[in-house]
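After the structure tokens below, expect a handful of questions from me.
The values are calculated or read from the model by the stated rules, or taken from the named source; none is laboratory data. Note that this is a predicted model, so its numbers are computed, not measured. Positions of Cβ are generated from backbone atoms using ideal geometry, with glycine treated the same way; all protein chains shown enter the neighbour counts.
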Amino acid sequence: MQGKISDFSIPEIFQLVSSQGKSGSLAISGNDRITIFLFSDGRIVDVQPDRREPRSLLGTMLRDAGHLTDSELKRFLDAQGGGGGKKIGELLVEKGKISREVLARFLTLQVKECLFEVLTLKDGEYRFEGFAVRPPPWGGEPLRPDVLMMEGMQFLDEYPMYRGKLPPGPFRVSRHKGEKVDVKALSPEEGAVWKALEFSDDPDRVFRKACLTGFEGAKGLSLLLERGLVDAGTVTREGDDTALRLRRELSVRRGIDAGNAFLWAVGLAIAAAWLYRSLLSPSAAGIFSEWTKFF
Amino acid sequence: MARYPVAVREQALRVVEAASPVPTETFALEVRTLRKRMFDYGILSLNALPDLVFDRAAKEGWKRKAYGPLREMTRVAPLSVPLWAWLVREDVLRFAPDRFFSDVGGLAGAAREFAPALPGYAAWLLMLASATACWFAAWASIVVLLRARTALTADLSRMFRGFRYPEIPAALLLWCGFAGPVLFGAGLGVCAVFWIALSAGYLRRGELAIAVAAILLLAGVFFAGGVIDLLGRLAGGTQSGEWFAAEGYLPGQWPEPPSTGQSSRPGTQWDGMIRFSRARAEMQSGNLQVAERMWSELIRDGREVAGAYNNRGLVRARLGKTEEALSDFEAAVGQNPSGGPAHWNSYQMYLVTFRLEQAARIQSAAWASIGKSPPFDFRAEEMTHGELVPSPLRAEGIREKFGLLREGGFRNAGENPFRALLFRFLPGGWGPAFLVVGCLWAGAGRLLSRKVWLHSACRSCGTLTMVARTRETADICNSCRAQVGRGLRGGEERERRILNIHLHRRYVRACTVLIPGSGALWAGKDLRAMVYGFAFCAPLGVLTVSLGGLAAGRGLLSDMQSMVAGAAIACAVLLWAGGAWWGWRSFEALQLRYNVAEERT
């Protein structure tokens, strides 16, 4: 089954696959991106975002949420290459880096993010191929497309309103100084965002840490802003982007360390040559040969 | 060989010419003739001869077949330590246990009995200790500098606050402090003391003990150099007709060879001969009390009195009854004033008891008695069991040379052979002053670090903190003490900490692989690391000294030193690998304890 989104809308496609309990893959392309959803008995079990959109990749999401460092992510991606085709989530659970519960939460988040992304497409193509799909053992519960569609529709309707309450363009958020908050009195989105605000001032990383979609995060954050619990400011200079600054700082530190390692390796090589000259060379042996005159 | 009597020298050269891979009757005859000529002049051992034979064998390509001719050489060079050592080695390689024990006995005897070799052993020991100390000083100074590097760089970067990345010029400056003296060609002592002084403010007590040990050892090496220089000049004295070095005492004028034939042992009655033989057998088999009683009975019965007195003296000397032994030798001389081994033995006992004037008085008679003694088979190991106490030292020479040693040893320390090695570019007498200044600087740095705020790098994760007290209280950071591992809640701080842990681990691992044992310092095993340092530097010291032996290029000695050098290299490599593994594991264990290792999160 294939066709154009303009002829057959995405909610209708999802509804069709779900109602008929189909298994297989649904590839949706548009805006130079291809996103593939895997269905099992009409429920979404996995998603393969476009590789050109790293924000939606599971490893990047876990890194942004602080579950992995850059170097660990790189190492696991390398290991994935030689790991017999294992997916990164499976590898991370196997190595004990994250729990199954965390993985399931982030897989759900990934599916939601991708679905919300494709819902915004006005033009594009879809293609469904039917085949048996077995839900991965390390994944969470299969997701009902109809429920996700309702959330997606809400996102399409409400996101502009919540985003409008936040500063335009890139911005930073932080807790209002001296505020004491009873988290139980807040909505789930607000509570999650409030807790995650101690992790970073970059809203994207805050949302990742809270395991919320951009829509959920923006909703929680705007409500907190309305309550006067958080401060939000626009990024006016590149240096204000703390995430970028941190990346650069870590990169510089790595560079300085590599330079140091090189310098000291050269220094030790010089010292080794100097020790050879002082204690092992023929001229040094001459100094240490006095004893032979007695035998 | 040039200073030996012409007759001996010419015969020795004939022996060298007659040597061949297969021992011949001609060669054996030449050796016997040489031995007779040697005894005519009281020469007990021609130590240079085995080297000449071996050099010829090496030149003609039958070096590995020289075992036979060199074994024959034991008859004319029984006091040559290298000869016996070479034979022992060949016995092991050829798996000849019967000869092995006999040759070990010969080696032990030569080492024990050949008194001129004592300064040689002393020089070898001093060289070995000096070389080991030099290696240790280099190892210790580099290790402590690498240990202090992180905190030192952080403190140096305070000088470059105007820079965007102050750690870059600080790292370059510290690197120049490390490599600069080396590139400038400064001596080992200068570099080591400079590096230690740089690091002193950042070291724990145990690490400071390593650094101080290195400086003290360098001072020891410097003063040992004066002694070695003196010993070297003594060895060189052989050429000018003095008494030391490989050939022992070479007198300015040799005694006349005896005109008559060999004197035979007196003794007419079979009973006396049998009892004499039995007593001698007991003596040679080590039953000293029984032998002493039998010799006393023979003396009481008036049989073989002179020989019995002499032999009882030998037994008593071995039992430690020095005075009684000396009176027996004197009694033997009284019984047979014309000569015999008792002259020689009493002469030796005078030397042993440092009665140098009495020894000098009977020296000529003692030497003359050697020439008249029967040429029985000399084996150095048997000499204490036989009838001679061999030691060709001259009393006056000992006194003169040791007097020089006392006066000149330290005076000449500034001109010793190690001066250039340790303190190149420093004027002669400045070496000790430099060491003292280095110690004072290190001590001042240490004291200042208790008052001035300096950086301290956490041994476990490498986190830098500012402290102004003893390093021991701050060398593990609070996060590590709390074992939070990487679990800091703040995102950016957590990433910084993780990167810090990663870089620190990589640095320590590189250090422990390149400078073995250094990882143990980060693990807090300071004193064990010092012991390891000594163990690691000992084979390197042996290697340095054996390369010196190889460089000397003397036949047997060079041949054996090549094997020693090989064994030393193998030991050093094993210890290197072991030290690297130990340091690596120790550091990993430390990181596991503080929850910053890979295995726990």
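Within the stretch A:52-78, how many residues are basic (K, R) and either at pLDDT 85 or above or closer than 22 Å to A:P135 by Cα (or both)?
1
With respect to A:K97, determine if the residue is assigned to a loop (DSSP other than H, G, I, E, B), away from chain B (no Cβ under 14 Å) and within 21 Å of A:G140 (Cβ to Cβ).
Judged against the criteria, A:K97 is not a match.
Provide a single number: the residues in the stretch A:112-127 that are crowded, with 22+ Cβ neighbours inside 10 Å and either within 19 Å of A:G24 (Cβ to Cβ) or aliphatic (A, V, I, L, M) (or both).
Within the stretch A:112-127, residues that are crowded, with 22+ Cβ neighbours inside 10 Å and either within 19 Å of A:G24 (Cβ to Cβ) or aliphatic (A, V, I, L, M) (or both) number 4.
A follow-up question, please. Going residue by residue through the stretch A:128-139, is there one that turns out to be surrounded by 16 or more Cβ atoms within 10 Å (Cβ to Cβ), touching a residue at least 12 places away in the same chain (Cβ under 8 Å), over 19 Å from the mean Cα position of the chain (by Cα) and not in a loop (DSSP other than H, G, I, E, B)?
yes
OK, next. Out of A:F215, A:F199, I need the residue that is crowded, with 17+ Cβ neighbours inside 10 Å, in contact (Cβ under 8 Å) with a residue 40 or more places away in the chain, within 14 Å of chain B (Cβ to nearest Cβ) and within 21 Å of the chain's Cα centre (by Cα). Which one?
Testing whether each residue is crowded, with 17+ Cβ neighbours inside 10 Å, in contact (Cβ under 8 Å) with a residue 40 or more places away in the chain, within 14 Å of chain B (Cβ to nearest Cβ) and within 21 Å of the chain's Cα centre (by Cα) leaves just A:F199.
Examine the stretch B:557-572 for a residue that is more than 14 Å from chain A (Cβ to nearest Cβ) and at pLDDT below 90, and state whether such a residue exists.
yes
So, of the residues in the stretch B:506-536 that are part of a helix (DSSP H, G or I) and at the interface with another protein chain (Cβ under 10 Å from one of its Cβ atoms), which turns out to be surrounded by the fewest Cβ atoms within 10 Å (Cβ to Cβ)?
Only one residue fits best here, namely B:R506.
Does A:R175 satisfy the condition of being without any contact (Cβ under 8 Å) to a residue 60 or more places away in the chain, surrounded by fewer than 19 Cβ atoms within 10 Å (Cβ to Cβ) and within 14 Å of chain B (Cβ to nearest Cβ)?
Spelling it out, A:R175 is indeed without any contact (Cβ under 8 Å) to a residue 60 or more places away in the chain, surrounded by fewer than 19 Cβ atoms within 10 Å (Cβ to Cβ) and within 14 Å of chain B (Cβ to nearest Cβ).
Give the residues of the stretch A:265-283 that are farther than 23 Å from B:R419 by Cβ and either more than 7 Å from every other protein chain (Cβ to nearest Cβ) or not in a helix (DSSP H, G or I) (or both), sorted by residue number.
A:A265, A:V266, A:A269, A:A272, listed by residue number.
Could you list all residues from the stretch A:62-87 that are assigned to a helix (DSSP H, G or I) and over 23 Å from B:G485 (Cβ atoms)?
A:L77, A:D78, A:Q80, A:G81, listed by residue number.
When you scan the stretch B:149-177, how many residues do you find that are part of a helix (DSSP H, G or I) and within 21 Å of A:A258 (Cβ to Cβ)?
Total meeting the criteria: 20.
So that you can scan it fast, the table gives a plain yes or no per residue for (1) closer than 14 Å to B:S558 by Cβ; (2) among the acidic types (D, E); (3) touching a Lys or Arg at 6+ places or on another chain (Cβ under 9 Å):
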| position | (1), (2), (3) |
| --- | --- |
| B:E60 | no, yes, no |
| B:K63 | yes, no, no |
| B:Y67 | no, no, yes |
| B:E72 | no, yes, no |
| B:V76 | no, no, yes |
| B:P82 | yes, no, yes |
| B:W86 | yes, no, no |
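Which one of these does B:D475 not meet: (1) acidic (D, E); (2) in contact (Cβ under 8 Å) with a residue 60 or more places away in the chain; (3) within 14 Å of chain A (Cβ to nearest Cβ)?
It fails just one condition, (3).
Also: Name the residues in the stretch B:79-92 that are more than 18 Å from B:Y121 (Cβ to Cβ) and touching a helix residue (DSSP H, G or I) at 6+ places or on another chain (Cβ under 6 Å), would you?
B:L87, B:E90, B:D91
For B:R158, only one of the following conditions fails: (1) within 25 Å of the chain's Cα centre (by Cα); (2) within 30 Å of B:C191 (Cα to Cα); (3) modelled with pLDDT under 90. What is its number?
B:R158 satisfies all of (1) within 25 Å of the chain's Cα centre (by Cα); (2) within 30 Å of B:C191 (Cα to Cα); (3) modelled with pLDDT under 90 except (1).
If we scan the stretch B:75-86, do we find a residue that is among the polar types (S, T, N, Q) and surrounded by fewer than 24 Cβ atoms within 10 Å (Cβ to Cβ)?
no
Picking from B:L183, B:L173, which residue would you name as being of a type outside the set (K, R), within 9 Å of another protein chain (Cβ to nearest Cβ) and closer than 30 Å to B:T512 by Cβ?
B:L183
For the stretch B:107-141: of the residues being among the aromatic types (F, W, Y) and modelled with pLDDT of 70 or more, which is surrounded by the fewest Cβ atoms within 10 Å (Cβ to Cβ)?
Filtering the stretch B:107-141 for residues that are among the aromatic types (F, W, Y) and modelled with pLDDT of 70 or more, the one surrounded by the fewest Cβ atoms within 10 Å (Cβ to Cβ) comes out as B:Y121.
Pick from the stretch B:186-197 the residues that are closer than 18 Å to A:L268 by Cβ and assigned to a helix (DSSP H, G or I): which of them is farthest from the other protein chains (Cβ to nearest Cβ)?
Ranking the qualifying residues of the stretch B:186-197, first place goes to B:I196.
Do we find a residue being in contact with an Asp or Glu (Cβ under 8 Å, 6 or more places away or on another chain) and free of Cβ contacts under 8 Å to residues at least 40 places away in the same chain anywhere in the stretch B:318-332?
Checked the stretch B:318-332: at least one residue is in contact with an Asp or Glu (Cβ under 8 Å, 6 or more places away or on another chain) and free of Cβ contacts under 8 Å to residues at least 40 places away in the same chain.
Whether any residue in the stretch B:278-286 is more than 17 Å from B:A342 (Cβ to Cβ), buried (at least 22 other Cβ atoms within 10 Å of the Cβ), modelled with pLDDT of 75 or more and within 45 Å of the chain's Cα centre (by Cα) is what I want to check.
The answer is no, given that none of the residues of the stretch B:278-286 is more than 17 Å from B:A342 (Cβ to Cβ), buried (at least 22 other Cβ atoms within 10 Å of the Cβ), modelled with pLDDT of 75 or more and within 45 Å of the chain's Cα centre (by Cα).
Here is a further query. Where in the stretch B:289-368 are the helices (runs of 4 or more DSSP H), entirely inside, with at least 3 residues that are modelled with pLDDT of 80 or more and out of contact with any Lys or Arg (no Cβ under 7 Å at 6 or more places or on another chain)?
In the stretch B:289-368, the matching helices (runs of 4 or more DSSP H) lie at B:305-319, B:322-335, B:341-352.
Yes or no: A:E158 loosely packed, with under 15 Cβ neighbours inside 10 Å, in a helix (DSSP H, G or I) and either among the acidic types (D, E) or modelled with pLDDT of 85 or more (or both)?
Yes.
Just wondering, is there one or more residues in the stretch B:142-164 that are more than 20 Å from B:S456 (Cα to Cα) and within 11 Å of chain A (Cβ to nearest Cβ)?
Yes - at least one qualifying residue is present in the stretch B:142-164.
Sticking with this one: Test of understanding: among B:G225, B:G220, which residue is small (G, A, S), part of a helix (DSSP H, G or I) and at the interface with another protein chain (Cβ under 10 Å from one of its Cβ atoms)?
B:G225
Out of the residues in the stretch A:79-92 that are surrounded by 13 or more Cβ atoms within 10 Å (Cβ to Cβ) and away from every other protein chain (no Cβ under 14 Å), which is modelled with the lowest pLDDT?
A:G83
Separate question: Out of the residues in the stretch B:552-593 that are among the charged types (D, E, K, R) and in a helix (DSSP H, G or I), which is nearest to B:C537 (Cα to Cα)?
B:R585
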